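J.: I am attaching a structure below and will ask some questions about it afterwards.
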Amino acid sequence: MSKITSFPKSNATSNGSRAVVLLSGGMDSCVCAALAARDHWAAAVHVSYGQRTEERERRSFESICDRLEIRDRLLVRNEALRAIGGSALTDSSIAVPEAVVAGVYPTGVHAIGAGIPVTYVPFRNAHFLAVAVSWAEVLGAEKVYIGAVEPDSSGYPDCRPEYYRAFNEVVKAGTKEGTIRVVTPLIAMHKAEIVRLGLELNAPFDLTWSCYQREDRACGVCDSCVLRLRAFREAGAEDPIPYAEAAARLS
């Protein structure tokens, strides 16, 4: 099921170029959305796929769009990823592990980047990009923004630069004009650099949600929370969202 919400457009740039941004509601996608809204007439896509924090992420999507004045929005439900399973984000029988950046790891705790964690959703970004590229073709948008990051990440294979180079070849071959390009402006950046860029852009970090397992207060111990907290600390900034636990394992 999908829903398109369209309002009078107020975020067009002088050149009128259009872009679609995949906006999960997390920190990285928020910064991407701020870049897209700054440089283009932006439209935002959000995909719900039965993830643990589905409702909270959707609220973040709507709030970020409001703050950035992104009026064209597409909300899509993907039933396939939850049905397929194989990820702690879509299967409640698989526990979301606690994470640390460095140090000694007790049972049930894993080191970020030491293999692909169980929070990886198999080939998820291909599903998301297919929706975004399809809508970009209808809108006449020239770019699709996605906030994929390779350094300081959980090590998901669909966040690697070579993945997006290959995907752009698919887009070129599989669309009418072959001119839409998937762009990954954050892919080589460290998380602290992304925080600093977001602060420069006045990205609404207070509206974002990154936690993998809670919707009331961020857990502070999953991969996403640990990486986010460390990034804000290294950037010399305070993370504006509430946490249930201090990130005691950060180093």
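The values are calculated or read from the model by the stated rules, or taken from the named source; none is laboratory data. What you see is a predicted model, and the numbers here were worked out from it, not measured in a lab. Note: ideal-geometry Cβ built from the backbone for every residue, glycine included; neighbour counts use all protein chains shown. These area figures cover heavy atoms from the full protein model, side chains too; ligands, DNA and RNA do not enter into them. Shrake-Rupley method; radii C 1.70, N 1.55, O 1.52, S 1.80 Å.
J.: Please go through the stretch 18-41 and give me each residue that is without any contact (Cβ under 8 Å) to a residue 60 or more places away in the chain and either closer than 24 Å to residue 241 by Cα or open to solvent by less than 20 Å² (accessible area, probe 1.4 Å) (or both), ordered by number.
T.: Those that are without any contact (Cβ under 8 Å) to a residue 60 or more places away in the chain and either closer than 24 Å to residue 241 by Cα or open to solvent by less than 20 Å² (accessible area, probe 1.4 Å) (or both): 23, 37.
J.: What are the residues in the stretch 84-97 that are under 21 Å from the mean Cα position of the chain (by Cα) and open to solvent by less than 60 Å² (accessible area, probe 1.4 Å), if any?
T.: 85, 86, 87, 88, 89, 90, 91, 96, 97
J.: Could we say that residue 103 is farther than 15 Å from residue 212 by Cα and either open to solvent by 50 Å² or more (accessible area, probe 1.4 Å) or at pLDDT 95 or above (or both) here?
T.: yes
J.: Let me ask something additional. Across the stretch 53-86, what is the total count of residues that are of a type in the set (Ser, Thr, Tyr) and in contact with a Phe, Trp or Tyr (Cβ under 6 Å, 6 or more places away or on another chain)?
T.: Result for the stretch 53-86: 1.
J.: Name the residue that is least open to solvent (accessible area, probe 1.4 Å), counting only residues in the stretch 130-152 that are among the aliphatic types (A, V, I, L, M) and touching a Lys or Arg at 6+ places or on another chain (Cβ under 6 Å).
T.: Only one residue tops the list, namely 141.
One line per residue, one yes/no per condition, for (1) within 16 Å of residue 31 (Cα to Cα); (2) of a type in the set (A, V, I, L, M):
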site	(1), (2)
145	yes, no
158	no, no
186	yes, yes
211	no, no
221	no, yes
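J.: For the stretch 121-152, which positions are part of a helix (DSSP H, G or I), small (Gly, Ala, Ser) and touching a strand residue (DSSP E or B) at 6+ places or on another chain (Cβ under 7 Å)?
T.: 132, 136
J.: Can you pull out every residue in the stretch 106-129 that is buried (at least 16 other Cβ atoms within 10 Å of the Cβ) and either modelled with pLDDT under 90 or touching a His at 6+ places or on another chain (Cβ under 7 Å) (or both)?
T.: The answer is 110, 112, 113, 117.
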